Amino acid sequence: MDLNFIIGGGLLLWVLYDFFQGTTWTYRKIYRAYEPVLYWIVFLIWLGIALATLWSSSFVWD
């Protein structure tokens with residue numbers, strides 16, 4: 001297990017938490033109920049970062 005796996009797993013948990021709470025963060029809190037388009041854009045960006053970090057942990061860069 002490497003650092004990318006730990007960071008990616010943490011980000012994925014954070015994204016799932018944001019999904020169930022209906023809020024996400026950039027430089028301010030974004031509510032799904034009030035700004036749904038911006039919420040989903042930011043949510044998908046965070047999800048992509050989390051998955052890319054997990055995916056990169058499967059490679060060995062030795």
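The values are calculated or read from the model by the stated rules, or taken from the named source; none is laboratory data. Note that the coordinates shown come from a computational prediction; the quantities given were computed from them, not determined experimentally. Every residue, glycine as well, gets a Cβ built from its backbone with ideal geometry; the counts of neighbours run over all protein chains shown.
When the residues of the stretch 11-28 are narrowed to those that are in a strand (DSSP E or B) and among the hydroxyl-bearing types (Ser, Thr, Tyr), which ends up modelled with the lowest pLDDT?
Thr24
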* Report, by residue number, each residue of the stretch 11-39 that is more than 25 Å from Ser57 (Cα to Cα) and either exposed (fewer than 11 other Cβ atoms within 10 Å of the Cβ) or out of contact with any Phe, Trp or Tyr (no Cβ under 9 Å at 6 or more places or on another chain) (or both). => Phe20, Gln21, Tyr27, Arg28, Lys29, Ala33, Tyr34, Glu35, Pro36, Val37, Leu38
* Asked: Looking at (1) of a type in the set (Ser, Thr, Tyr); (2) modelled with pLDDT of 90 or more; (3) not in a loop (DSSP other than H, G, I, E, B), can you tell me which one Thr53 breaks?
  -> (2)
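For the structure I just gave you, tell me whether Trp40 is assigned to a helix (DSSP H, G or I), out of contact with any helix residue (DSSP H, G or I) (no Cβ under 9 Å at 6 or more places or on another chain) and of a type in the set (Phe, Trp, Tyr). Working first, answer last.
On the way: assigned to a helix (DSSP H, G or I): yes; out of contact with any helix residue (DSSP H, G or I) (no Cβ under 9 Å at 6 or more places or on another chain): yes; of a type in the set (Phe, Trp, Tyr): yes.
When the stated conditions are applied, Trp40 passes them.
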